[in-house]
Structures are given as C-alpha cells and as structure tokens.
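Read through the structure below, which is laid out as structure tokens, and then see the notes.
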Amino acid sequence: MQNRITEQPSGYRSLEKKTTEELTMLINREDQRVAPAVEKELPRINALIEAIVAKITNGGRLFYVGAGSSGRLSVLDVIELPTTYGVSPDLFQVILAGGVDRLVEAREEMEDDKNEAWEKLEERGINKKDIVVGISASGTTPFVLAALTQCRKANIDTGCIVSNPDSPIAAQALYPVEVITGPEFITGSTRMKCATAHKMIFDMISTTTMVRLGRIIDNQMVNVKLINNKITDRATKMLMRLGNINDYDTAREILFRNGSVQNALKSLDAGNYPV
C-alpha cells in the first residue's frame, strides 16, 4: 500500500501546531495542483466521454461503480441530471459500495465485497449496450475491481477514474483515466485532492455528454424540469429570449403547455403558437 502515491506521506508536518491561516493556505496550495493534473488527462477523459456518448446514443446506459468519497460524489452528480437536463434517471446510474440508499452512512467496510457490484449490475440488466466506469482513488478497491473484471469477461465496455498509475482497476478498463494529484495534505485522506479531481471529471463527463446529446441550446438548460418557482421563472425568461417572446405570461403559458423550453421552441418553430 505504501507504494501507492495516494498513501505516501504528506509533505507537511506538525499540522496540529499550525494556525488556521497556515492550514488554509497550505490546503489551498495543494488544491491548486488538481486542475493541472486533470488537464494532463484530458485526452483520455475525452476518449471515455466519446465512448459514453456512443453507448447512450445507441440505447445504452452509463453505470458508475464506486466506493468511498469519490463514489459518493458520483451519486451527487448523477442525481441532478434528470432535473437539470430532463433525462431519464436510468441513463446514468451508480452502484455504490454499501448502497446509494445508505449514502450518508459511509459504509467503507463494503469496499472489500467482491460480489455485490456485479450482482447489482445483473439486477439492472447490464448488457453490451452499456458502459461501466469504475471509480477508485487507490485503483485497487475490490468492490470496483471485481465488477470491472466481470464486465470484461462479459464483453461489456469499461472505463475507470483512479488516482494511482498502473493500477489493477486501470488494467481492466478499456478507457482508463488516471488523474495523479500526489500525496494528500492529510496522509491517505483521499477525500481531499483525489475526490476534488474526480468531482471535476464527473462534471466534465455529465455536462459534455448532455451537450453532445442535444440537451443544451447555446449555453442554456432548455430541458430543465419545472420543479419550483425559481426554475420556472428562469425557464420562462429563457423561452422569452430564445423564442423572441415579449410577454412573460404568454411565454409561461407556452412553457407549461410543452413542459420544457426545448419542446416549446419546437412548437414555436412549427408555427403552433402566435407570438
């Protein structure tokens, strides 16, 4: 384990003797290493995204299989996609060690389970149309490794996001992403830089995929679900701009008739509503 970069000693000593100002300055200094590390992996991130887009376009789904802090962050990314982009919750799914329904319990002991992830994938009808992306800071988590190994045996495409080079999990991934952020500020605490880097990559994957799937017009969330007053107001004003509608109440009525800005724009283009 000590050979893993993520387990190497922190470059800072005697943290308990430092002031708040010193600690935040040093943590911020370490955080500044994250974006350059992600940038180095952009070619492989791009390859993974292209594979995901191709799978979804052909009727497949993306499954994240994860554990620990990064696994939990993938859940937070995925749960926002149906409301933000109006897609089915089945499109992006997470198989989390210990279960998504017990997210706040941080059941780290479940990371060693070698059977649960594949069993959960089978329950959800995993097939060759889908792609499975393993998430593990160490690149060795048994929960994730076993799932990717089974996927490869079943000829299901795989990717991964890890933070150590040449890991066993990366060896099972057709589309590996190895974002190396170095030793953590607190030795071995991969909830810090590793998880930050992984969150940035989740953002890239989900956002770029949604743009490529046509869920965005210009830079606008034209498929956002009308779930509260703030979002409905934003969507109404969005429709006014994109549809050249001057009256707020008219735009709001058209919006509700169609359920989304994108559908409303299609109806306007078809000449269904005089403006």
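The values are calculated or read from the model by the stated rules, or taken from the named source; none is laboratory data. All of these numbers come straight from a predicted model, not from anything done at the bench. Please note: Cβ atoms are built from the backbone with ideal geometry, for glycine as well, and neighbour counts cover all protein chains shown. Just the protein is used for accessible areas: all its heavy atoms, side chains included, with ligands, DNA and RNA removed. Shrake-Rupley method; radii C 1.70, N 1.55, O 1.52, S 1.80 Å.
What the table below lists for this structure:
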{"quantity": "All lysines inside 26 Å of Lys18 as judged from Cα atoms, apart from same-chain residues fewer than 8 positions distant", "calculated": "Lys193"}
{"quantity": "Centroid-to-centroid separation of the range 130-195 and the range 1-64 [C-alpha atoms, Å]", "calculated": "12 Å"}
{"quantity": "In the range 34-136, the GluC sites (Glu not before Pro) that fall in loop regions by DSSP, at most 14 other Cβ within 10 Å", "calculated": "Glu80"}
{"quantity": "Debye intensity ratio I(q)/I(0), log10, the range 131-177, q values 0.20, 0.26, 0.30, 0.31 Å⁻¹ (C-alpha model)", "calculated": "-0.47, -0.80, -1.06, -1.13"}
{"quantity": "Using alpha-carbon coordinates, inclination of helix 248-258 to the longest axis of the chain, degrees", "calculated": "70 degrees"}
{"quantity": "Kirkwood-based Rg to Rh ratio, the range 14-120, C-alpha trace", "calculated": "1.07"}
{"quantity": "Cα-derived Rg over Rh, computed across the range 98-151 with Rh taken as Kirkwood radius", "calculated": "0.96"}
{"quantity": "All-pairs Cα distance distribution in the range 56-194, expressed in whole percent, bin size 10 Å", "calculated": "13, 45, 35, 8, 0"}
{"quantity": "Heavy-atom surface of the chain, accessible at 1.4 Å and reported per residue (Å²)", "calculated": "50 Å²"}
{"quantity": "The range 142-219: chymotrypsin sites (Phe, Trp or Tyr not before Pro) in DSSP loop, at most 16 other beta carbons within 10 Å", "calculated": "none"}
{"quantity": "Over the chain - Rg/Rh using Cα atoms and the Kirkwood inverse-distance radius", "calculated": "1.05"}
{"quantity": "Beta bridges by DSSP in the chain, antiparallel share as percent, to the nearest 5", "calculated": "5 percent"}
{"quantity": "Along principal axes, Cα extents of the range 139-224, largest first, whole Å", "calculated": "41, 39, 17"}
